[in-house]
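The values are calculated or read from the model by the stated rules, or taken from the named source; none is laboratory data. Fair warning: this is a prediction, and the values are worked out from it, not measured in the lab. Reconstructed Cβ throughout: ideal geometry from the backbone, glycine too, with neighbour counts over all protein chains shown. Quick note on the areas: whole protein, heavy atoms, side chains included, nothing else; ligands and nucleic acids left out. Shrake-Rupley method; radii C 1.70, N 1.55, O 1.52, S 1.80 Å.
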Amino acid sequence: PGLPSLVVVAESSTSIRVSWTFTLAATMTPVYNWTLHYRPSDGSDDDITPVSHDANVMEDTLTELNKGTEYFISVAASNSAGMGPFANDTVETLIDPPSEPTNLMAEALSHSQVRVTWEGVIDNGGRDVVMYHLRVNDSSSTAQQVAANERTYTFNNLLNSTNYIVEVAASNTGGGIGSYASVNVMTLEFGIPPQPSVTVTFTDTSILVMWGTADSDVTEYLIQYRIKATPDWSVATNMTVDATMTSYRITDLRPELTYEVRVFALNNIGTASVASEPETATTTAQLPVKIEGDSVVTQGGVLNLTCLLMDGTIPYSPQWTKDSNSLASHVMLVRACI
């Protein structure tokens, strides 16, 4: 038999429609049957699936194929003289959009922020996922896109105490955007910012206060300190710093005293967080004051020496020396004063 005329059309991501025609010459023996072969184009003859049809059947639909895969298809006629040549063609099955992302969750971080997390799709539609698409309340103004390896996104600038529908979909090359998975979430009530977490380091006359960022809507931080065991936080020691700062050094402190420090976060309506747990720090000791000079004292005379004491006590035992040698005996009267 001669060569049939072959037509192949991809009908879906898993099926191909095959049809053929054949012109029988006057001197040709009638066709007994048709043989159809198909396999993936990148396969070998070992991957061929053969199908046989009666002479009056000149079409077939191949099903359960792989998505986005090119297939090599052949059809030949047979008569009493044997099998004729195969007519060949190739066609690629269609690409489906990916399925919905799985395990979609949304969490309100504040009165204006929502964090979304998800896992990958079960079916990529025949092509690798290239992007995830996110939106809030089916609005194009909130539409965002993230790379295929991302699994989280945070929406900002939302309204407080508002219910939102957050949607996420995947897309591939050729199939477009798949169905959106959705989840409901409500933003928090506008009000108190989260409590800051605080750590401190210290020197003899200063304390470095450090804190973690509390919330995107914090406008400033309030730092307070006091000597430990005193009853009140003094208004005179209140300080506010810009919201972009995460540390502040308190200076001009007294050595060898234990201080307590706490931090408040404030938002743009002036609402303060609960204060951080007070952190304690003890300033280190200062080196002794060395007084040098030449003085002459007659026997039985009096020499008055004056030095500044930080807190009304003498932190070190005074030592008298002459020419760097300790004096064997001396009499010293000390009056402590501030």
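Here the gap between Ile122 and Ser5, fully extended at 0.36 nm per residue and compared with their Cα-Cα distance, gives a gain of 38.1 nm. The charge dipole of region 98-144, taken about its Cα centre with unit charges on the Cβ atoms of Lys, Arg (+1), Asp and Glu (-1) only, comes to about 160 debye. Magnitude of the charge dipole for region 71-220, about its Cα centre and with charges confined to Cβ atoms of Lys, Arg (+1) and Asp, Glu (-1), is about 220 debye. Along the axis of the charge dipole computed for region 7-149 (Cβ charges of +1 for Lys and Arg, -1 for Asp and Glu, origin at the Cα centre), the listed residues His111, Ser44, Val130 are led at the positive end by His111. Counting charges near Leu62 (Lys, Arg +1; Asp, Glu -1) among other residues having Cβ under 12 Å from its Cβ returns a value of -2. Of the peptides 240-250, 256-266, the ranking by mean beta-carbon count within 10 Å, highest at the top, reads 256-266, 240-250. Each label was represented as a point 7 Å from its Cα along the Cα-to-Cβ direction; for Ala272 and Met83 these points are 9.0 nm apart.
Hey, could you grab the Kirkwood Rh for region 43-136? Inverse mean 1/r over distinct alpha carbon pairs, Å, one decimal. The answer is 18.1 Å.
For Val200, what charge total do you get from the other residues with a beta carbon under 12 Å from its beta carbon, if Lys and Arg give +1 and Asp and Glu give -1? Let's see the in-between values first.
Numbers: positive: Arg249, Arg262; negative: Glu260, Glu277, Glu279.
My count for the surroundings of Val200 gives -1.
Apply the a/c threshold of 1.5 to the C-alpha gyration tensor of region 118-189 and tell me whether it is rounded, prolate or oblate. Prolate.
The alpha carbon centroids of region 1-57 and region 119-181 are separated by 43 Å.
Placing a label point 7 Å from the Cα of Leu24 along the Cα-to-Cβ direction, the residues of region 41-77 with a backbone N closer than 12 Å are 55-57.
A crude spin-label estimate for the pair Val57 and Ser41, with each label 7 Å from Cα along the Cβ direction, gives 2.8 nm. Solvent-accessible surface of region 141-217, taken per residue with a 1.4 Å probe and all protein chains present: 52 Å².
Pulled fully out, how much extra length does the chain show between Thr282 and Thr205, if you take 0.36 nm times their separation in residues and subtract their Cα-Cα distance?
Length difference between fully extended and current span is 26.8 nm.
Taking the Cα centre of region 35-131 as origin and assigning +1 to Lys and Arg Cβ atoms and -1 to Asp and Glu Cβ atoms, the resulting dipole is close to 240 debye.
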